[in-house]
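Q: Take a look at this one; I'll ask things after.
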Amino acid sequence: MNNITIIGIGLIGSSLARAIRHNYSKVLINFIDVSEDNLKKSKSLSLADSYNTKINSDVEKSEFIFICTPISAYKNIFDDLSKLNLDQTIITDVGSSKVEVIKLANEFLKNKVFVPGHPIAGTEKSGPENGFKDLFKNKWFISNTCELCDETHIKKVNDIWKNLGSKIETMNSKDHDSIMAITSHIPHLIAYNIVGTASELEDDIKSEVIKFSASGFRDFTRIASSDPTMWRDIMLSNKTEIISLLEKFNSDLSKILDAIKNNDGKFLFEKFKKTKEIREKIIEAGLDKN
Ligand code: NAP
């Protein structure tokens, strides 16, 4: 790999640049970001070889273009890329939802190669100063099948992430979005909601909430401090899966509410016992640590 472009150099884009630089020492890295501030920070950290605020024809020299912006920026980016000659280039991305991204790519990137991707790695922090080279090590990277790529293209992208230390899985975008809805998107929504509810309590009670926040609530506040632009985009771009799971979640919560109202201790005990078993399975599989 000799020449790549990364569009969007926040937490994920800058971590990718660090990891690629470490594993492919000769590669030329071209950064594109609308944020002059983030470009300046990246330059001071020497994360790339060239820095631009706009997509230009220099991008045509890249073997791979990694899109690492919030999903709401994709439409304009795909539109800009659609006007370039990218016959020798694979476009890929890291976005957290996939069905809608692929629909958009089908619309704008006809006759181009696009491999949808998603590293299951991240933190609640944003920006290039918070990225780090080992972010993707021992974490899953999921690529998706779609009309704009074949097995050879997918393998090329998978191989890069494998070299960065990721575990690889390829699946269709619908399965990806429904798995992510329950394992990541709904948990974030619950965190945003519970912290929101606490913050709307009267001011004097709120200070007590903060004072006595034990690890449960504290963990929710960490998750709920994640970037609002990114999570707004994820909720809206994976809305079909999220709505259907939230409806099921609400119905399950109503059953718990009824059990509490009716002093139905047996129901509550059985429910909590069953969920404890899921935690035990995660520990057994060695997945309880980062
Ligand atoms: P981030 O730290 O906020 O960085 C995004 C960068 O993209 C910012 O510098 C932003 O500039 C820039 N940008 C926005 N619109 C742009 C455009 N049209 N052209 C070029 N640059 C643009 O975000 P992140 O956490 O790295 O997330 C990026 C993507 O990774 C998202 O799609 C997210 O779904 C996915 N992802 C995130 C995580 C995670 O835990 N963070 C994990 C897996 C996947 P401004 O700051 O000026 O907007």
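Q: Of D37, D87, which residue is more than 10 Å from the ligand (Cβ to nearest atom) and either surrounded by fewer than 18 Cβ atoms within 10 Å (Cβ to Cβ) or not assigned by TED's automatic domain parsing to the domain that holds P128 (or both)?
A: Numbers: D37 fails: more than 10 Å from the ligand (Cβ to nearest atom).
The match here is D87.
Q: Does at least one position in region 8-18 carry a residue that is assigned to a loop (DSSP other than H, G, I, E, B), exposed (fewer than 14 other Cβ atoms within 10 Å of the Cβ) and at pLDDT 95 or above? Write out each step before concluding.
A: The first filter runs over region 8-18 and keeps only residues assigned to a loop (DSSP other than H, G, I, E, B), leaving 8-10.
So of that shortlist, the ones also exposed (fewer than 14 other Cβ atoms within 10 Å of the Cβ) come out as none.
Checked region 8-18: no residue is assigned to a loop (DSSP other than H, G, I, E, B), exposed (fewer than 14 other Cβ atoms within 10 Å of the Cβ) and at pLDDT 95 or above.
Q: If you don't mind, another one. Quickly run through region 228-237 and pick out the residues that are of a type outside the set (A, V, I, L, M, F, W, C), surrounded by 18 or more Cβ atoms within 10 Å (Cβ to Cβ) and under 17 Å from Y192 (Cα atoms). Walk me through it before giving the result.
A: Narrowing region 228-237 to residues of a type outside the set (A, V, I, L, M, F, W, C): 228-229, 232-233, 237.
Subsequent filtering for residues that are surrounded by 18 or more Cβ atoms within 10 Å (Cβ to Cβ) retains 233, 237.
Once the filter is applied, which keeps residues that are of a type outside the set (A, V, I, L, M, F, W, C), surrounded by 18 or more Cβ atoms within 10 Å (Cβ to Cβ) and under 17 Å from Y192 (Cα atoms), region 228-237 yields only D233.
Q: When region 238-249 is examined, which residues are found to be surrounded by 11 or more Cβ atoms within 10 Å (Cβ to Cβ) and either away from the ligand (no atom under 16 Å from the Cβ) or in the same structural domain as S126 (by TED's automatic domain parsing) (or both)?
A: Our first condition is that a residue be surrounded by 11 or more Cβ atoms within 10 Å (Cβ to Cβ); within region 238-249, this holds for 238-246, 248-249.
The answer is T240, I243, S244, L245, L246, K248, F249.
Q: With respect to the numbered conditions (1) within 12 Å of the ligand (Cβ to nearest atom); (2) touching a residue at least 40 places away in the same chain (Cβ under 8 Å); (3) out of contact with any Asp or Glu (no Cβ under 7 Å at 6 or more places or on another chain); (4) within 18 Å of C146 (Cα to Cα), which one is the sole condition not fulfilled by F78?
A: Just one mismatch for F78, condition (2).
Q: Got a sec? Which of D233, D204, D258 is within 16 Å of the ligand (Cβ to nearest atom) and among the acidic types (D, E)? Working first, answer last.
A: On the way: D204 fails: within 16 Å of the ligand (Cβ to nearest atom); D258 fails: within 16 Å of the ligand (Cβ to nearest atom).
Result: D233 is the single residue among D233, D204, D258 that is within 16 Å of the ligand (Cβ to nearest atom) and among the acidic types (D, E).
Q: Can I ask one more? Looking at (1) polar (S, T, N, Q); (2) away from the ligand (no atom under 12 Å from the Cβ); (3) over 30 Å from D175 (Cα atoms); (4) surrounded by 15 or more Cβ atoms within 10 Å (Cβ to Cβ), which one does S42 not meet, given that it meets all the others?
A: Result: S42 fails condition (2) only.
Q: Mind checking which helices (runs of 4 or more DSSP H) fall wholly inside region 171-290 and carry at least 3 residues that are without any contact (Cβ under 8 Å) to a residue 24 or more places away in the chain and β-branched (V, I, T)? Please lay out each step first, then the result.
A: Details: elements: 173-180, 186-199, 203-211, 215-223, 228-237, 239-261, 265-284.
Because the criterion is at least 3 residues that are without any contact (Cβ under 8 Å) to a residue 24 or more places away in the chain and β-branched (V, I, T), the helices (runs of 4 or more DSSP H) in region 171-290 that meet it are 203-211, 239-261, 265-284.
Q: Please determine whether any residue of region 141-150 is surrounded by fewer than 21 Cβ atoms within 10 Å (Cβ to Cβ) and outside any loop (DSSP other than H, G, I, E, B).
A: No, that holds for no residue.
The values are calculated or read from the model by the stated rules, or taken from the named source; none is laboratory data. Small disclaimer: the values here were computed from a predicted structure and weren't measured. Heads up, the Cβs are rebuilt from the backbone with ideal geometry, glycines too, and the neighbour counts pull from every protein chain shown.
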